[in-house]
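Below is one structure, written out as structure tokens; comments come after it.
The values are calculated or read from the model by the stated rules, or taken from the named source; none is laboratory data. As the structure is a computational prediction, the values presented were derived from the model and not from experiment. Heads up, the Cβs are rebuilt from the backbone with ideal geometry, glycines too, and the neighbour counts pull from every protein chain shown. What goes into the accessible areas is simple: the full protein's heavy atoms, side chains included, and nothing from ligands, DNA or RNA. Shrake-Rupley method; radii C 1.70, N 1.55, O 1.52, S 1.80 Å.
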Amino acid sequence: MSIDKWNELADIKDELAARDWFPGTSGNLSIKVNNEPLSFYVTASGVDKRKRTEKDFLLVDQWGQSIEQTSLKPSAETLLHAQVYRLTDAGCSLHVHTIDNNLISDMYGDTGAVTFRGNELIKAFNIWEEDGELTIPIVRNFGDIPKLSQAVADVIKPETRAVLIRNHGITVWGRDGLEAKKHLEALEFLFSFHVKQLLLTQHVQAIKGGMNYGNIEIS
Ligand SMILES: CSC[C@@H](O)[C@@H](O)C(=O)COP(=O)(O)O
Ligand SMILES: [Zn+2]
């Protein structure tokens with residue numbers, strides 16, 4: 001057992017829980033333990049990820065099968081984590097469902113991607129050019145997990161650090177836990193900013209149009 005990796009993942013889980021990013025037992029997290037052959041800790045399925053217990057994680061192989069003798073069931077979405085480790089240099093992979101990532105995934109789902117530019121937070125992805133942009137692909141939320149994990153695999157390019165799953169959530173990764181968390185926090189900031197920006201734009205348009213806004217007269 002790798003106590004260090006376990007604790008690193010448990011600490012990240014606590015921080016994301018403090019942000020209320022695990023509603024209704026949703027979300028799953030993993031951290032790589034070994035490269036060749038691949039093994040990683042992944043959250044147990046269906047449990048309340050706000051709680052910190054000795055049964056939070058189990059060690060699985062490249063096929064998402066448990067390596068150790070355990071009664072715990074690996075996350076239903078373990079194959080997504082396995083794909084991320086197979087295709088990238090990730091050391092940690094995080095999957096959360098938030099209102100903002102769901103709204104953005106649905107709003108841009110038909111386009112297949114959402115692109116951010118002109119916001120300081122894209123520097124969290126090592127994009128330093130003033131006109132740089134960050135694109136997050138969006139895939140359909142296939143019910144069949146092997147199909148879903150293949151859809152995620154299909155949109156991963158060398159520069160990809162996250163994939164949105166429409167009306168479901170986001171899978172985001174980094175070379176280690178700290179970087180994965182940085183990427184996730186930056187993206188949720190950008191999503192939240194954009195959702196509010198769209199709402200505000202509509203509001204301003206309503207004001208300019210002299211519309212009766214709810215029961216408030218606007219002019
Ligand atoms: C309980 S709704 C969320 C699940 O269907 C799933 O999408 C999820 O993120 C958590 O599944 P889990 O098997 O606990 O890792
Ligand atoms: Zn999920």
*May I ask for the distance between the Cα centers of region 68-90 and region 4-53, given as a whole number of Å?*
11 Å
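So which of Lys55/Lys196; Lys147/Lys196; Lys32/Lys73; Lys73/Lys157 end up more than 27 Å apart by C-alpha? Walk me through the intermediate numbers first.
Details: Lys55/Lys196 38 Å; Lys147/Lys196 33 Å; Lys32/Lys73 18 Å; Lys73/Lys157 30 Å.
Check vs 27 Å cut-off fails for Lys55/Lys196; Lys147/Lys196; Lys73/Lys157.
About the Cα centre of region 3-194, how large is the charge dipole given +1 on each Lys and Arg Cβ and -1 on each Asp and Glu Cβ? Please answer in debye to the nearest 20. Could you put the intermediate results ahead of the total?
Numbers: 21 positive and 29 negative charges, 100 e Å.
Dipole about the Cα centre, nearest 20: 480 debye.
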*Short version: ³J(HN,Hα) in whole Hz for each residue of region 122-128, in order, from phi by Karplus 6.51 cos²θ - 1.76 cosθ + 1.60 (θ = phi - 60°), x for Gly and Pro, what are they?*
5, 5, 4, 9, 6, 9, 9
_Expected 222 nm ellipticity per residue - DSSP helices of 4 or more, -39500 (n - 2.57), all of the chain, to 500_ = -12000 deg cm²/dmol
*What angle, in degrees between 0 and 90 and rounded to the nearest 10, separates the Cα long axis of helix 177-208 from the longest principal axis of the Cα atoms of the chain?*
20 degrees
*the chain - percent of accessible surface contributed by carbon and sulfur, probe 1.4 Å*: 51 percent
*From the square roots a ≥ b ≥ c of the eigenvalues of the alpha-carbon gyration tensor of the chain, which class results: rounded (a/c under 1.5), prolate (a/b over b/c), or oblate?*
prolate
_Length-normalised contact order for the chain - Cα pairs under 8 Å, 6+ apart - percent_ = 18 percent
